[in-house]
Every structure is written in C-alpha cells, then in structure tokens.
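One structure is given below, encoded as structure tokens.
The values are calculated or read from the model by the stated rules, or taken from the named source; none is laboratory data. Bear in mind the structure is a predicted one, so any value in this text is a computation, not a measurement. No Cβ is skipped: glycine too gets one built from the backbone with ideal geometry, and neighbour counts run over all protein chains shown. When the accessible area is computed, the model is the full protein with side chains, heavy atoms only, and any ligands, DNA or RNA have been set aside. Shrake-Rupley method; radii C 1.70, N 1.55, O 1.52, S 1.80 Å.
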Amino acid sequence: MRDKGFGDTFERFTKATGIKWLIITVTGWFGSNCGCKYRQDLLNKWFPYKQNNKMNDKITLNSILDPISPQIFFTEYWNKKHLIIRRNKFKDLFTWDDFNKCMNLYPDIKGLQVLDYREEGDGRWCLDKVRKGELKLPMLNKGTVYKLWKEGKSIAIPFAEYQKKDLVDICIEFEKYFHKGQVNVYASPRAGSKSFPPHADGTENFLFQQEGKQKWTIYKEFAPGKPKEILDEFVLEAGDLLYIPQYQYHKVDTISPRLMISIHFTNKPKQSIKNFKISKPEANNRDKWINWVSKPPKEKTFQPQRRMVSDTWKKKYFKDKI
Ligand SMILES: [Fe+2]
C-alpha cells in the first residue's frame, strides 16, 4: 500500500531498520502518552503525500487494469478466472452524492429496480415493467421508494453510463475489446441489505467498488452448471476492482452501506486469443460525452492606454536627448 504521508514512511523505515532512537526522539516531541498510531497519523496529517488516486486524463485499458497489463489479463484471466485489483483508484466514478442526485430525479430513472421487494420470482420491483403493465405490482411514489430504502432494500440503476463522463469514457475504451457495454449502479443502505443470490451473468463483469464494503463469494462452476463449490471469498473496499468472467457463478453479501458499479460487456463474435480483434475508437457508434456547459463571455477588463514608443515619435520630439 502506498504511504499516505511521512508518518507511514517513518513507521515503515523504523520497522525495517530497527532504528528506535528516531522513535524515541520524535515521541519526545509529543509527550510520553504519544502512541505509535497517533504519531503516525499526526505526521501523515502534517506532511501528507499527494495521493495518486485520481483517474488518468485519458482512460485506457492499461490504466483501468493497472498493475495488470491487458496482455496478461486476456491471456491469463479473460474467460478463465476472476481477478481482484486492489488500489485506491476509480473510486469516484459514482459517489453517494451522485446517487443522491440521481434518485431525486425519480420517477425519471430508466429501469430503476428495488431489490428484495417481494417473495415471488427474483423479488425485484422494476419501474419500467410496472409502468408498462408487464409486472402486476403497484406504482410506487418517491416517498415510498425512500421508505423502502430506509428499511434496508437495495436499489439498482441500470443504463447509468451517461450519468458521468468517466463512465462513458470507460465504456468507449472497453468497447475496443468487447461488444457494447452497460453500466449498472447497485446501492444498499446498510449491512445485511439483500442483493442477488448465487447467479451467473452472460456478460464479462467489471465491478468497481465505490463506497463501503461488500463480501463476494466466487464459485468454481460456470453456467449452465450449478453453483456448488466455493472457489474464493473476499471483501471489496472502495477503489477495488473485480473482474468476473461470463457465466461464472458469484454472490454478494452487503456488510456495510455500499455503492458499487458494474460495467459489463458481451464478447465480440468469435473473439479468441488466436484471432483477437481490437476495434478502432472511430468505429464505435456510441454517443460521446458532450460538454453542454454554456458560459457567458468574459467581461472586458480595463486596459491602460499604451505609451507611444515608436521610433518616429521619439525622434520627432526628443531627438538626441533620448
Ligand atoms: Fe452478477
């Protein structure tokens, strides 16, 4: 893990070298009650390092998968096994603030779902299906959806790729290697909020943990088999990225309030390592992000009049004096 500030470096250095006198000297600055952790946090606060957790200006597959190269990803993981990349990166793609703004647009949220709404079927309440009459459930007003959220129900927002520029850019980058993708947002208000039981998706899933923590269970089996044997269990934290191959069974358990985005894609037809196709970005017909901000022209500021300094002017009036 990268050092947050001088405090982390100091602790690491003294631990590695065993130079205790440095600790004793610095402890003296803070008084005898100063514990190691307190000193470490204080030094981090006083001498913070600039955190390199911002997204690169240009989002590339290299930057998305860093430190795993695309070559390693496609030869060792793609279609074979899950991959966890832990780093403090891509955690601001969709924040609680973004979720708040988006949910306040209700009911104008395409495809919104309330998970674990009922016992039957997959338990989902789907706004569009209820609206079209395909799902015989009551239409919920904004207050009722909020009440369900407060009671612990998880919410899914599909088709969220145009909520933020970075989401569009990530899709466009992935779509060089995969077929057209989609962004889903999954939000839960507390630990124990239900998500999906063990299931497999027909898409390549890239899961970006945004806020909070959630436990993942990955099964050995791929669809059309059945989930039987647990292959891996782990907790994702904000900034972590998980890749799950298509058809591999997996399950999520919420262990805190959480916000996670799933960016998923089907594979290009007949895509294989031996005949691997990478599309040019120009070939992508996805709408690019457009900056619609319209700013008034800047007001003209007062410009002092320039002094006349031409050679002729000087010569005429001052001649040899200058
Ligand atoms: Fe899934």
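Being open to solvent by 50 Å² or more (accessible area, probe 1.4 Å) and farther than 21 Å from LYS101 by Cβ is the filter here; which residues of the range 132-150 pass it?
Once the filter is applied, which keeps residues that are open to solvent by 50 Å² or more (accessible area, probe 1.4 Å) and farther than 21 Å from LYS101 by Cβ, the range 132-150 yields LYS132, GLU134, LYS136, PRO138, MET139.
I'm told ASN104 meets every condition in (1) open to solvent by 60 Å² or more (accessible area, probe 1.4 Å); (2) under 30 Å from ALA223 (Cα atoms); (3) among the polar types (S, T, N, Q) except one. Can you identify the failing condition by its number?
In the conditions (1) open to solvent by 60 Å² or more (accessible area, probe 1.4 Å); (2) under 30 Å from ALA223 (Cα atoms); (3) among the polar types (S, T, N, Q), ASN104 misses (2) alone.
Run PHE276 past the list (1) crowded, with 18+ Cβ neighbours inside 10 Å; (2) in contact with a helix residue (DSSP H, G or I) (Cβ under 8 Å, 6 or more places away or on another chain) and report the number of the one that doesn't hold.
If we test PHE276 against (1) crowded, with 18+ Cβ neighbours inside 10 Å; (2) in contact with a helix residue (DSSP H, G or I) (Cβ under 8 Å, 6 or more places away or on another chain), just (1) comes out false.
Limited to the range 256-272, what total is found for residues that are closer than 23 Å to ALA156 by Cα, open to solvent by 30 Å² or more (accessible area, probe 1.4 Å) and more than 16 Å from the ligand (Cβ to nearest atom)?
1
Tell me, yes or no, whether the range 172-179 has at least one residue that is more than 16 Å from the ligand (Cβ to nearest atom), open to solvent by less than 50 Å² (accessible area, probe 1.4 Å) and β-branched (Val, Ile, Thr).
yes
Among all residue pairs at least 6 apart or on different chains, which show Cβ distances below 7 Å where the first residue, located in the range 197-210, is within 10 Å of the ligand (Cβ to nearest atom) and at pLDDT 95 or above and the second is of a type in the set (D, E, K, R) and open to solvent by less than 10 Å² (accessible area, probe 1.4 Å)?
none
In the range 234-255, how many residues are more than 16 Å from the ligand (Cβ to nearest atom) and among the β-branched types (Val, Ile, Thr)?
So the count comes out to 2.
Rundown of residues vs (1) among the aromatic types (Phe, Trp, Tyr); (2) under 28 Å from the mean Cα position of the chain (by Cα); (3) open to solvent by 60 Å² or more (accessible area, probe 1.4 Å), yes/no style:
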position	(1), (2), (3)
ASP108	no, yes, yes
GLU120	no, no, yes
ARG124	no, yes, yes
LEU127	no, yes, no
VAL130	no, no, no
GLY152	no, yes, no
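Pull up the range 273-322, narrow it to residues that are of a type in the set (Asp, Glu) and in a loop (DSSP other than H, G, I, E, B), then point me to the one that is modelled with the lowest pLDDT.
For the range 273-322, the residue satisfying everything is GLU299.
Suppose we keep only residues that are under 25 Å from the mean Cα position of the chain (by Cα) and within 14 Å of the ligand (Cβ to nearest atom) within the range 217-233. Which one would you say is most open to solvent (accessible area, probe 1.4 Å)?
Only one residue fits best here, namely TYR219.
Can you name the condition, by its number, that ILE155 falls short on among (1) closer than 26 Å to ILE68 by Cα; (2) within 16 Å of the ligand (Cβ to nearest atom)?
That leaves (1) as the condition not met.
Show the residue pairs meeting these rules: Cβ distance below 9 Å; 6+ apart or different chains; first residue within the range 212-225 and under 13 Å from PRO198 (Cα atoms); second residue surrounded by fewer than 16 Cβ atoms within 10 Å (Cβ to Cβ) and among the aromatic types (Phe, Trp, Tyr).
Filtered contacts from the range 212-225: LYS215/PHE234; TRP216/PHE234; THR217/PHE234; ILE218/PHE234.
Do you know which residues across the range 75-92 are at pLDDT 95 or above and crowded, with 18+ Cβ neighbours inside 10 Å?
TRP78, HIS82, LEU83, ILE85
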